[in-house]
Amino acid sequence: MLNATVEHVVKQSLLYSYVLSQPFAVYMNSYPMIQSKALLEAEDLNYGEHGEAIRVLQEKLNKLSYFNDEIDGEFDILTEYALKKFQKDQGITVTGQVDMQTRNMIIKAEKTKYLNKLVDLSESVSPGMISKDVKVVQTALHYFGYYQGEIDSIYGPLTAKAIKIAEERHDIDLTQEVSQTQLQTLHTHVDHELEEANKNQVEKEVKKASQPKVVEVKSKEEKPKEIKVEKTSTSSIINVAHSLIGTPYVWGGESRGGFDCSGFLQYVFATQNITIPRTVSDIWNFSSSVQSPSVGDLVFYETYKPGPSHAGIYIGNSKFIHAGSSNGVTIGDMNYSYWQSRYLGAKRVR
């Protein structure tokens, strides 16, 4: 239903000037249809990634009653679980990946949900009414971009105006019972809108793929500073790790400008010509278990999600160096209650 494009909806809005003056994340929240557009245009999303597109994904899965955890923009195990359950219920291949087919199904399911609520309840509300049904209608109208006021359960002038706009734009009387033929037509509008959005996105991707790749060649002066070591040894690993203390934490960071947990580990071992996986869970599977840690071994913890999600390099005396989200690269104490209760074990990179 309500197949106006995002650009048309926004430009018809009294909030257009506000939208143009706000950061993307702010006005995207003001217009759910812009959220859908952003999700459609995102690259395929996978476990371990983070960002605004993941937050949009979580919000949509939450509205569809699949995701009930904190909406934090992190593609963690709970997000993956919700996504797989959605894929299973929709009868599509369960991959845990947000590919184009999954994005389409999520957006279609959400639009269908609001469409049905609007059609089912719009004839049961009337001007001056204050009720939960009015709130549902306002929410649905807001989703499609027609209602711009506060969702307050009060059928006032703004609600009446939004319903009138929707009726005129789509030649339908929402205050009367909607026939099955009309309902099918509205659902067809939803399908058509998705088809057009997909067509435009595919054209963009094809155009992008056909563009010649530009490889930036940096001069010697621009080359990042490297740590050179004569040979691989436990002491050199510890020395490199110590030299990085104070480096700030950056999600996804893997350079001296900033590290996340696994990026720090990968960087340190790379200076010794040792290649390890990029994520903590993969490093856990890659390394060999030891009964108790020795200097240079890795110690693993379960923090923000089930299973290994944080790790550091053991330096002796129950201490380890790690990239923490609060203080960046620092020294942690394994005896501290927080770490003690989350400790999973030690492993060695061979």
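Quick notes
Residues are listed down the side, and each one gets a yes or a no for (1) assigned by TED's automatic domain parsing to the domain that holds Lys135; (2) part of a helix (DSSP H, G or I):
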{"residue": "Leu57", "(1), (2)": "no, yes"}
{"residue": "Phe67", "(1), (2)": "no, no"}
{"residue": "Ile71", "(1), (2)": "no, no"}
{"residue": "Ala82", "(1), (2)": "no, yes"}
{"residue": "Glu110", "(1), (2)": "yes, yes"}
{"residue": "Tyr114", "(1), (2)": "yes, yes"}
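- When the criteria are applied in full, Ser65 meets the requirement of being modelled with pLDDT of 85 or more, out of contact with any helix residue (DSSP H, G or I) (no Cβ under 8 Å at 6 or more places or on another chain), among the small types (Gly, Ala, Ser) and surrounded by fewer than 16 Cβ atoms within 10 Å (Cβ to Cβ).
- Residue check for Gln87: touching a helix residue (DSSP H, G or I) at 6+ places or on another chain (Cβ under 9 Å), modelled with pLDDT of 85 or more and surrounded by fewer than 20 Cβ atoms within 10 Å (Cβ to Cβ): no
- When region 96-108 is limited to residues that are out of contact with any helix residue (DSSP H, G or I) (no Cβ under 7 Å at 6 or more places or on another chain) and outside any helix (DSSP H, G or I), the one that is farthest from Glu74 (Cα to Cα) turns out to be Asp99.
- Among the residues examined, Thr93 qualifies as under 29 Å from Tyr304 (Cβ atoms) and surrounded by fewer than 20 Cβ atoms within 10 Å (Cβ to Cβ).
- Residue check: Asn317 meets all listed conditions (1) within 14 Å of Val349 (Cβ to Cβ); (2) surrounded by fewer than 17 Cβ atoms within 10 Å (Cβ to Cβ); (3) more than 23 Å from the chain's Cα centre (by Cα) but one, namely (1).
- All positions within region 41-55 that are of a type in the set (A, V, I, L, M) and not in a loop (DSSP other than H, G, I, E, B): Leu45, Ala53, Ile54
- Filtering Lys347, Lys319, Lys305 for residues that are in contact (Cβ under 8 Å) with a residue 60 or more places away in the chain, more than 21 Å from Ala270 (Cβ to Cβ) and among the basic types (Lys, Arg) leaves a single hit, Lys305.
- Scanning region 149-171 for residues that are of a type in the set (D, E, K, R) and assigned to a helix (DSSP H, G or I) turns up Lys161, Lys164, Glu167, Glu168, Arg169.
- All of (1) within 22 Å of Phe144 (Cβ to Cβ); (2) crowded, with 17+ Cβ neighbours inside 10 Å hold for Lys113 with one exception: (2).
- Single residue of Val98, Val94, Val119, Val134 found to be at negative phi, among the hydrophobic types (A, V, I, L, M, F, W, C) and modelled with pLDDT under 85: Val119
The values are calculated or read from the model by the stated rules, or taken from the named source; none is laboratory data. Note that this is a predicted model, so its numbers are computed, not measured. Backbone-built Cβ (ideal geometry, glycine too); neighbour counts: all protein chains shown.
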